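Shown next, in structure tokens, is the structure this report addresses.
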Amino acid sequence: METTVKEQFLSSHTYELISSLLLHEYWVDDIYQSINREPLIITSSSHHDDVLDLTLVGTSQSFLSWYNMVQQKIKYCHIQIISIDTKGDSIFFTCKVTPLVM
């Protein structure tokens, strides 16, 4: 009986709603953790009105690796690239990250 109730709950719309709310609540933490997996440095960051503004420094390869990983594994977020600038040997990537509406 317990297994049947659990299975019904896990396939219910209520479970989907609760899951999406939990994902939505922790999306910023997930983004910061994903950046730590790549050789990228956060030079500026601000979070306001469900928008995370980031400026990252790294190689184009490390940025694209992070970007692709977010697109594949953190599907509930969207990255908008605002600008790519070079200063000396450094590449600065400015982007906005927002949660997707579930």
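What does the extension gain come out to for residue 90 and residue 30, with contour length at 0.36 nm per residue minus their alpha carbon separation?
Roughly 19.1 nm would be gained on extension.
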Exercise for the section: Starting from the Cα of residue 75, step 7 Å along the direction of its Cβ; do the same at residue 37; then give the gap between the two resulting points in nm. Expected result: 1.5 nm
Practice task
Normalising by the residue count of the range 23-102, find the relative contact order in percent from Cα pairs under 8 Å and 6+ residues apart.
Solution key: 31 percent
Exercise for the section: Taking H placed 1.01 Å from N in the peptide plane, check which residues at least 5 places from residue 74 or on another chain put their amide H under 5 Å from its amide H. Expected result: none
Handout entry: Amide H within-cut-off set for residue 100, under 5 Å, with H built and near neighbours excluded
Key = 77, 78
Practice task
Could you give the size of the charge dipole of the range 19-91 about its Cα centre, using +1 on the Cβ of each K and R and -1 on the Cβ of each D and E, expressed in debye and rounded to the nearest 20?
Solution key: 280 debye
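Since every read-out is calculated from the coordinates, none of them should be taken as a lab result. Given the structure is predicted, the values throughout are model-derived calculations rather than measurements. For neighbour counting, all protein chains shown are included, and Cβ atoms are generated from backbone atoms with ideal geometry for every residue, glycine included.
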